[in-house]
Amino acid sequence: MTLVLLTVLALLAMLAAAAAVAWALHLQRAQRELQNDLQSSRAQAQALAGTLDVWQWRTDSQHRLALLRPPTSTSAHWPALEGKPLLWEHFQSDDNAALRARVHSHATIDALVVWHTASTASTGERHELVLRGAPLLDMVGRFAGHTGTARELATMAPAAAAPVSIEDDSGDHESFSYTVSHDLRAPIRVVEGFTKIVKEDYGRLLDRIGNDHLDRVLGAAARMNSMIDSLLALSQLSSRPLTRQPVNLTQLVGYIVDDLRRQSPERQVEVFIEPGMQVQGDATLLRVALENLLGNAWKYTGKCREPRIRFERTEHEGRPAFSVRDNGAGFDMRFADRLFGVFQRLHSANDFQGTGVGLASVRRIIRRHGGDIWAEGEVDRGARFVFWLGQ
């Protein structure tokens, strides 16, 4: 009897060992596939960023600069800083202590910094950069550094360019849309799919921290998909034909405000809409622009005791203009140039949700109408967006 029991126990031990080996091999294979997909996604993201007029940077877990890549459009010589500490030695901001604290707490980075290259380059250049970044995590959820982009303030103003016809640009637009919607989404879908499988099949074997890491991966994938959707919508604004017709802005804004009230019935917002405002323009595109402007005003007054929004007529250099004003969170005028950039946000996503594409879409629509838009604001005192349309 003892021999039989020992034999059974030995067989059970062998089965357990075999199961453990199979499980380990499965995890290794899944990890390799995830790493390959992440590397593919990173390579494609870097390739896409290389087509934009932005810097790319990445640090390691010790906050040393592992990558500093200038825009492809520049031919200037940049000092080799790889392997050196980032931010507080080479960059200066209004509050270096706060910036350094965010870096060490592995938080997101969103700051205006000044980089003096006098100590590293003979030219002694001074660069004002809008630095943005997010923490990187390794396969087990440990902090692995930061990665992000930066734009020089001097290059953020839109340059005048020769007009390109929709027909001439349609091929590039179709290629861009295909790349974004297929090539960039594919790795995200794979990462999201594997993460869901791990969570559903093995989530019970993980502790709270492990499940939290999986939730963060799924949340990041959802945000990336949302950003891709916004980027596609932005690209389509340039290819859509412009159909001008009489547009009653007063009525249009009224419809938009009614929709906002239905979405947030608990909010009591005082809204003033000046009567009798009519323009010539594309009704569909103007609605998109006004939905973004009024949606932002609605969102950024969310923490006000007595929120107020005004849409009214004004004047700019003798021509009729229109303004959307609110008494919400406002913004620092030093960063006003960033407002209309793609994926540029002046507020934390924890405070106010958004993808950072809305105002870029607004400016593109206004400029397609031959007009322009700008912003005025003050922190905690509200913001005002003024635009005019060409005829």
Some residue of the stretch 339-361 being modelled with pLDDT of 85 or more, surrounded by 21 or more Cβ atoms within 10 Å (Cβ to Cβ) and either of a type in the set (Phe, Trp, Tyr) or touching a helix residue (DSSP H, G or I) at 6+ places or on another chain (Cβ under 7 Å) (or both): no
Checking residue 210 against (1) more than 30 Å from residue 193 (Cβ to Cβ); (2) more than 25 Å from the chain's Cα centre (by Cα); (3) at pLDDT below 85, the condition it does not meet: (1)
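The values are calculated or read from the model by the stated rules, or taken from the named source; none is laboratory data. Please read all numbers here as calculations on a predicted model, not as lab measurements. Glycine also receives a Cβ, built like all others from the backbone with ideal geometry; neighbour counts cover every protein chain displayed.
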